[in-house]
């Protein structure tokens, strides 16, 4: 039996991020996605929903007000760019409160909370372990377009002041973003090796105490990152 999910967010890109995160899990079914609370209300009337990802700042009706209006709401995880609403969210008995941009690791912890609650309620057993054969995607804004990138294709990410360069095997993209934000979004296969570089550990072909080689290029290892880089690479070599 699948856990049935509804996603409610007025930003289509935010919906796509959640969808792609959820595709990494077994026993979770995305029933529908909506951009307004009114649309979500119709879905809840017509279909069984076990978990709702709910944005707070939406047109016409805020997510918190929408949740208050429901007599028997499903489990709710708030997703918002505004951390100041966290207390209000938990007062409404939300399972969790995710502040955008949401890292996959943080998302996994929220899903684990829901599955444990659902197990207690239904007597069924679920797991929050992601399926190994599923792909994870990242969305970047590049030249007024939104580009979908398979995270498994990334070699490294380089900081360029207020921008970052995301390097793949056959191309690269530059987007306005801080490297620290992307670091939070990336899965555990990536490691920060320098204040200006994050690399995909499985893509590293050789390494020294002061540098790693990846994609035919040598990237420096910062002094403050050396111990963690050495530990991660020893495990994978």
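Worth pointing out:
- Verdict on residue 72 being assigned to a helix (DSSP H, G or I) and at pLDDT 85 or above: no
- Residues within the range 167-184 that are over 20 Å from residue 229 (Cβ atoms), touching a residue at least 12 places away in the same chain (Cβ under 8 Å) and not in a loop (DSSP other than H, G, I, E, B), tallied: 6
- Looking only at the range 75-90, and only at residues there that are touching a strand residue (DSSP E or B) at 6+ places or on another chain (Cβ under 8 Å) and in a helix (DSSP H, G or I), the one that is nearest to residue 54 (Cα to Cα): 89
- Residue tally, condition closer than 23 Å to residue 118 by Cα and either outside any strand (DSSP E or B) or in contact (Cβ under 8 Å) with a residue 60 or more places away in the chain (or both), over the range 43-69: 16
- Within the range 8-42, being within 17 Å of residue 104 (Cα to Cα) and without any contact (Cβ under 8 Å) to a residue 12 or more places away in the chain holds for no residue.
- Hits in the range 1-31 (condition: touching a helix residue (DSSP H, G or I) at 6+ places or on another chain (Cβ under 7 Å) and either within 25 Å of residue 88 (Cβ to Cβ) or in a loop (DSSP other than H, G, I, E, B) (or both)): 5, 6, 7, 8, 9, 21
- For the condition touching a strand residue (DSSP E or B) at 6+ places or on another chain (Cβ under 7 Å), closer than 26 Å to residue 138 by Cβ and surrounded by 13 or more Cβ atoms within 10 Å (Cβ to Cβ), residue 43 does not qualify.
- Going through (1) exposed (fewer than 13 other Cβ atoms within 10 Å of the Cβ); (2) in contact with a helix residue (DSSP H, G or I) (Cβ under 8 Å, 6 or more places away or on another chain); (3) more than 19 Å from residue 11 (Cα to Cα) one by one, residue 168 falls short only on (1).
- Qualifying residue in the range 196-213 (condition: part of a strand (DSSP E or B), within 20 Å of residue 160 (Cβ to Cβ) and more than 23 Å from the chain's Cα centre (by Cα)): yes
The values are calculated or read from the model by the stated rules, or taken from the named source; none is laboratory data. Note that the structure is predicted; figures quoted are calculated from it, not measured. Glycine gets a Cβ as well: all are built from the backbone with ideal geometry, and neighbour counts include every protein chain shown.
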